[in-house]
Amino acid sequence: RKTNVKKVVVLLVLLGLGTATGGGQVPRKEDLTDEEQDLIRATGLDPVARIKLFLKFAADRLQKFQAAAASSETRDRSATLNDLLSAYSSCVDETTDTFDLNLGRRIDLRKAIQVARQQLPGFLAQLEEFKQRGTSDAELVRDTLEDSIIATQEAIAQVDTAAVAVGARTTIVMPSTV
């Protein structure tokens, strides 16, 4: 009887793992292209691959946002800029959630931490620079821009938490030779 209970618990944990890591979940459809959604699904239960992809998608949205803001020919300027920032924030939130959901597991997140530490501060600097310009575009997207800045700051904090957690699991203490 105990083995049946254990099997059921293991099955439930595995099923929960698939949804907890976002194995079958993707952000809102309008935030990702069909191809991007397929790439996320293809990562399965690999949180490192998911994090790397979401950071790549976030960088893409931020680049498109910068290009749209720089272009005088952007149609429906306010909606376009807000949509790009919202999509950026969704990708960054997914990164944060994936780190958060996998911290307690025995998964090596060091590569994802490294990539996130390389990219997120640059994302934050770009957003803050855009905010500081004080242009009419910055006013058009003020609330969404602030949300994007907060999402990026939270992601950086989560990466720092993950780095501490991973460091605590992987640090080897050598005995002193006194």
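What follows is calculated from the coordinates using simple rules that are stated; it is not laboratory data. These figures come from a predicted structure and were not determined experimentally. All Cβ positions, glycine included, derive from the backbone under ideal geometry; neighbour counts span all protein chains shown.
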* To do: With a point put 7 Å past each Cα toward its Cβ, work out how far E30 is from R133 in nm, to one decimal.
  => 2.4 nm
* Structure fact -> Rounded to two decimals, the Rg over Rh value of segment 100-144 from Cα coordinates and the Kirkwood Rh reads 1.24
* Asked: Computed from the mean reciprocal separation of all distinct C-alpha pairs, what Kirkwood hydrodynamic radius does segment 28-174 have, in Å?
  -> 16.0 Å
